[in-house]
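Written out below as structure tokens is the structure these notes cover.
The values are calculated or read from the model by the stated rules, or taken from the named source; none is laboratory data. None of these values were measured; they are calculated from a predicted model. Cβ placement follows ideal geometry from the backbone for every residue including glycine, while neighbour counts extend to all protein chains displayed.
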């Protein structure tokens, strides 16, 4: 059973030979390939080579095109790039620092805009190179994350109170762009598309329910409508909104290490596939192979077997090879339910 067969069988509830392994690697993939992260994030050839290398070395079931936002860059956001850390949006020059600009902002064409086109080229090349064996993962920014990229995260948090009508208009803009970008990624070769919406863990349950959930739901419904499998990643402590996340209908929900896996299972129901749960730094990077095996085994147990192995967030670039092998060995030994 290869990775593609394993993935689709597991998501469809059919028997598989082992637990899936789908850790999030960006800087780690670049580092292990000897690449500066700035090049990895900007050159699809570099990303593809690094993803294939790390997936083959450690037996990952997927290759992924995730980096930080592509959409905001193509909307004109000011972004700084670095060789040894993720790139950063310059909020002092936020694209929508003047919110009146939203009325004049034209959504870029994913087929033509530089950053989004680079991801499409990566997906096409991954499909050509490993598409018969591995799952190909695309990515879009969720409504809260994409809005924060354009407006500035601190300003957006004030907008929820000061101008809720503007927030809804901004969410409509980024939702439309995300769905068009997702369709282009599917056409380029993506089997599954993840949605990252990290700021959604910061707004609190009332604002999440009032603003964010409805747009995340529409995005997830739209992804399913184009025929891809879906993955949700919200960094941080999502304990207060776990039941809401369950209602989004995602195929896979990532669980950060701030959330007890047993609590996620209890609040999200027995059928939801959960991914991750182990601390990326203290357990995966700085821990021991034995500690990693114990942590993954406990997450698998607490998740009731409907579980995919990985870290709670991105695998740190300094993670030793023996620790990644321990993660892979654990996934190979654990049987899903």
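If you take the residues of segment 247-272 that are part of a helix (DSSP H, G or I) and touching a strand residue (DSSP E or B) at 6+ places or on another chain (Cβ under 8 Å), which of them is surrounded by the most Cβ atoms within 10 Å (Cβ to Cβ)? Let's see the steps before the verdict.
Step one: of segment 247-272, the residues part of a helix (DSSP H, G or I) are 261-268.
Now drop any that are not touching a strand residue (DSSP E or B) at 6+ places or on another chain (Cβ under 8 Å), which leaves 261, 264-265, 268.
On the way: 261: 23, 264: 26, 265: 21, 268: 22.
Residue satisfying both the conditions and the ranking: 264.
Determine, yes or no, whether residue 236 is farther than 20 Å from residue 313 by Cβ, touching a residue at least 12 places away in the same chain (Cβ under 8 Å) and either part of a loop (DSSP other than H, G, I, E, B) or under 18 Å from the mean Cα position of the chain (by Cα) (or both).
It is false that residue 236 is farther than 20 Å from residue 313 by Cβ, touching a residue at least 12 places away in the same chain (Cβ under 8 Å) and either part of a loop (DSSP other than H, G, I, E, B) or under 18 Å from the mean Cα position of the chain (by Cα) (or both).
Since residue 121 meets every condition but one in (1) surrounded by fewer than 21 Cβ atoms within 10 Å (Cβ to Cβ); (2) at pLDDT 95 or above; (3) not in a helix (DSSP H, G or I), which condition does it not meet?
Condition (3) is where residue 121 drops out.
Taking only segment 9-47 into account, find how many residues are touching a strand residue (DSSP E or B) at 6+ places or on another chain (Cβ under 8 Å) and more than 21 Å from residue 325 (Cα to Cα).
Number of matching residues: 2.
Residue 131: out of contact with any strand residue (DSSP E or B) (no Cβ under 7 Å at 6 or more places or on another chain), crowded, with 17+ Cβ neighbours inside 10 Å and at pLDDT 95 or above, yes or no?
Values: out of contact with any strand residue (DSSP E or B) (no Cβ under 7 Å at 6 or more places or on another chain): yes; crowded, with 17+ Cβ neighbours inside 10 Å: yes; at pLDDT 95 or above: yes.
Spelling it out, residue 131 is indeed out of contact with any strand residue (DSSP E or B) (no Cβ under 7 Å at 6 or more places or on another chain), crowded, with 17+ Cβ neighbours inside 10 Å and at pLDDT 95 or above.
Pairs please, first residue from segment 132-143 and under 9 Å from residue 3 (Cα atoms), second anywhere and in a strand (DSSP E or B), Cβ atoms under 8 Å, 6+ apart in sequence or on different chains.
Listed by first residue and then by second, the contacts come to 134/62; 134/63; 135/62; 135/63; 135/192.
Go through (1) within 20 Å of the chain's Cα centre (by Cα); (2) under 28 Å from residue 328 (Cα atoms); (3) surrounded by fewer than 16 Cβ atoms within 10 Å (Cβ to Cβ) one by one and return the number of the condition residue 84 breaks.
With (1) within 20 Å of the chain's Cα centre (by Cα); (2) under 28 Å from residue 328 (Cα atoms); (3) surrounded by fewer than 16 Cβ atoms within 10 Å (Cβ to Cβ) applied to residue 84, the lone miss is (1).
Mind telling me which of the residues 203, 174, 212 ends up being outside any helix (DSSP H, G or I) and either within 21 Å of the chain's Cα centre (by Cα) or surrounded by fewer than 18 Cβ atoms within 10 Å (Cβ to Cβ) (or both)?
Within the list 203, 174, 212, the selection yields 203.
Of all residues being without any contact (Cβ under 8 Å) to a residue 40 or more places away in the chain and touching a helix residue (DSSP H, G or I) at 6+ places or on another chain (Cβ under 7 Å) in segment 69-95, which is nearest to residue 42 (Cα to Cα)? Just the residue, please.
Among those residues, the one meeting the criterion is 79.
Taking the residues in segment 87-101 that are surrounded by 14 or more Cβ atoms within 10 Å (Cβ to Cβ) and in contact with a strand residue (DSSP E or B) (Cβ under 7 Å, 6 or more places away or on another chain) as candidates, determine which candidate is nearest to residue 152 (Cα to Cα).
The residue in question is 89.
Evaluate the following for residue 318: is it more than 19 Å from the chain's Cα centre (by Cα), assigned to a loop (DSSP other than H, G, I, E, B) and surrounded by fewer than 18 Cβ atoms within 10 Å (Cβ to Cβ)?
yes
Just the residues that are touching a residue at least 40 places away in the same chain (Cβ under 8 Å) and in a loop (DSSP other than H, G, I, E, B), please, taken from segment 18-38.
18, 19, 20, 22, 23, 24, 25, 26, 36
Of the conditions (1) free of Cβ contacts under 8 Å to residues at least 40 places away in the same chain; (2) part of a helix (DSSP H, G or I); (3) closer than 27 Å to residue 185 by Cβ, residue 219 fails just one. Which one is it?
Failing condition for residue 219: (1).
Would you pick out the residues in segment 50-78 that are surrounded by fewer than 18 Cβ atoms within 10 Å (Cβ to Cβ) and not in a helix (DSSP H, G or I)?
59, 76, 78
What's the number of the condition residue 291 fails, among (1) over 22 Å from the mean Cα position of the chain (by Cα); (2) in contact (Cβ under 8 Å) with a residue 60 or more places away in the chain; (3) closer than 19 Å to residue 28 by Cβ?
Condition (2) is where residue 291 drops out.
Among the residues of segment 26-45, count how many are touching a helix residue (DSSP H, G or I) at 6+ places or on another chain (Cβ under 6 Å) and either over 13 Å from residue 119 (Cβ atoms) or surrounded by fewer than 19 Cβ atoms within 10 Å (Cβ to Cβ) (or both).
Final tally of qualifying residues: 8.
Listed residues 56, 101; which is closer than 28 Å to residue 167 by Cβ and at pLDDT 95 or above?
101
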